[in-house]
Amino acid sequence: MATRPMARSVFAAPPHGEPPIETLRARLAAARERTLALTEPLGAEDMAAQAIEEASPTKWHLAHTSWFFESFVLARFLPAYELFDPAFGYCFNSYYECVGARQPRPRRGLLSRPPLERVLAYRRHVETGLERLFDRGLAPQSEAATLIELGVQHEQQHQELMLADSLALFAANPLRPAYRSAPPRSLGDAPEPLRWIGYAGGIVRIGRDSGEGFCFDNETPRHDALIHPFEIADRPITNAEWLEFIEDGGYRDPSLWLFDGWAVVQREGWEAPAYWERCGGAFVAMTLEGLRPPEPAAPVAHVSFYEADAFAHWAGARLPTEFEWETVASEEPVTGNLLDSGALRPMPPAESFQGHPRQLFGDVWEWTGSAHLPYPGYRRPAGALGEYNAKFMCDQHVLRGGGCVTPRSHIRASYRNFLYARQRWLFAGLRLARDVSR
């Protein structure tokens with residue numbers, strides 16, 4: 001085991017020195033184009049349906065991301081801008097109480113109207129307005145430019161959600177359709193043995209400062225955190241290891257589970273990760289490429305915090321804190337199996353163990369043992385955008401690192417995703433940690 005020293009070391013503005021306006025304009029166009037590109041394998045019927053309460057129809061995502069720009073940018077900063085349809089505010093507001101009433105989230109799939117063609121016209125209308133706003137001239141550090149940057153990042157979040165929600169939809173369909181076809185492939189080899197990497201602990205800097213590039217408000221302010229010596233696994237837990245947990249009775253042993261987690265297992269009848277099902281005595285898993293046997297060396301995905309915590313107890317370890325995870329990840333390049341790779345599934349490690357953590361970014365979001373709470377000195381942004389993250393700083397847990405459908409330009413070491421402990425429709429997995437005696 002190698003021991004590595006610890007590095008001591010509102011919605012933030014773009015980094016200094018970047019030509020932000022033209023770059024921002026190009027990134028906005030690229031983000032909007034990618035969103036539409038992700039819908040190409042889908043039919044209009046696919047884009048209208050909603051499988052579970054957490055998920056939303058693709059058509060709703062297309063409209064909501066346009067509503068965001070219309071409501072927070074165009075209606076405020078483009079003179080004489082005309083709303084495409086005043087009724088869309090009710091249909092496509094997500095959770096902004098300060099903006100007004102909205103279609104309840106579990107009933108978004110009932111929005112058979114407006115039809116897809118009108119939603120696509122809405123997107124074009126909003127994009128024309130944004131072009132007009134750029135043509136009028138935007139100051140690089142203006143509020144409008146900052147909000148457009150936020151809108152780009154928001155659109156990237158919904159790109160990930162569109163794919164995760166499509167998987168939930170197809171998994172609920174008895175035909176088990178695939179988002180895209182793929183040729184048969186080898187399941188690959190068994191995973192390499194899990195290895196532990198030690199860190200010495202100390203006072204570390206966590207979070208992100210303005211001037212370092214865009215970040216969400218829940219990543220700020222940058223602050224000191226005390227970390228005790230710990231070890232972290234060199235890679236995420238794999239499908240093969242999760243199968244061992246299942247076969248050892250992990251879903252039948254209440255001693256491994258948190259009280260609320262065991263209640264969910266009993267109520268929902270969980271026996272495996274989401275989208276796993278038995279077929280002829282073996283497991284297959286629903287993926288964006290249809291039903292496939294789980295790859296042994298690929299990271300397990302679609303597990304809840306409750307399952308991740310139970311597995312950690314079974315393995316004699318724990319989940320890392322988000323501060324431990326960020327300290328480790330801040331020393332590593334932001335590379336990995338993200339949306340840009342095109343795999344659209346968690347993959348086995350691209351390299352053998354070389355003494356440093358692998359797969360920190362991409363493949364699966366990694367559950368941490370940390371609650372989603374404000375950092376010391378955090379101040380909630382004013383107005384409706386204060387609802388973006390702050391209202392969820394209770395009863396949710398932090399995930400780090402991004403998944404196989406997270407855009408590469410969207411992720412960084414300080415990024416804090418968060419979910420309720422029971423949720424498992426996203427590409428979420430885990431990496432183990434354990435304490436070290438001084």
Any number yet on Rg/Rh for region 165-265, C-alpha, Kirkwood?
1.08
Region 300-438: D in µm²/s via Stokes-Einstein (Kirkwood Rh, Cα pairs, 10 °C, 1.306 mPa s)?
101
Calc'd 3J(HN,Hα), region 379-388, phi into Karplus 6.51 cos²θ - 1.76 cosθ + 1.60 (θ = phi - 60°), Hz, glycine/Pro = x, comes to 10, 5, x, 6, x, 4, 5, x, 7, 4
So which GluC sites (Glu not before Pro) in region 32-119 are both in a DSSP loop and have at most 14 other Cβ atoms within 10 Å of their Cβ?
GLU45, GLU53, GLU82, GLU97
Would you check the accessible area of HIS154, probe 1.4 Å, heavy atoms only, in square angstrom rounded to 10?
10
What's the local net charge at PRO296, with K and R +1, D and E -1, over the other residues with C-beta under 10 Å away?
-3
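Counting only DSSP beta bridges with both residues in the chain, what percent are antiparallel, rounded to the nearest 5?
80
For a distance above 30 Å, tell me the whole-number percent of Cα pairs in the chain that qualify.
Percent of Cα pairs beyond 30 Å in the chain: 44.
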What does the charge count near ALA63 come to, summing +1 for each Lys or Arg and -1 for each Asp or Glu among other residues with Cβ under 11 Å from its Cβ?
+2
Sorted by chain and then number, the residues having a modelled amide H within less than 5 Å of the amide H of LEU432, at least 5 places away or on another chain, are ALA233, ILE237
Would you give the gap between the C-alpha center of region 112-181 and the C-alpha center of region 265-330, rounded to a whole Å?
29
Based on DSSP H runs of at least 4 residues, each adding -39500 (n - 2.57), what is the mean residue ellipticity at 222 nm of the chain after dividing by all its residues, to the nearest 500 deg cm²/dmol?
-9000 deg cm²/dmol
Other-chain or far-sequence residues with amide H under 5 Å of GLN423's (modelled H):
PHE305
PHE418's amide H: which non-local residues (gap 5+, or another chain) put their own amide H closer than 5 Å, with H modeled 1.01 Å from N in plane and none for Pro or chain starts?
LEU399
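The values are calculated or read from the model by the stated rules, or taken from the named source; none is laboratory data. Please read these numbers as outputs of a predicted model, since none were measured by experiment. Heads up, the Cβs are rebuilt from the backbone with ideal geometry, glycines too, and the neighbour counts pull from every protein chain shown. These accessible areas exclude ligands, DNA and RNA; they are computed on the full protein's heavy atoms, side chains included. Shrake-Rupley method; radii C 1.70, N 1.55, O 1.52, S 1.80 Å.
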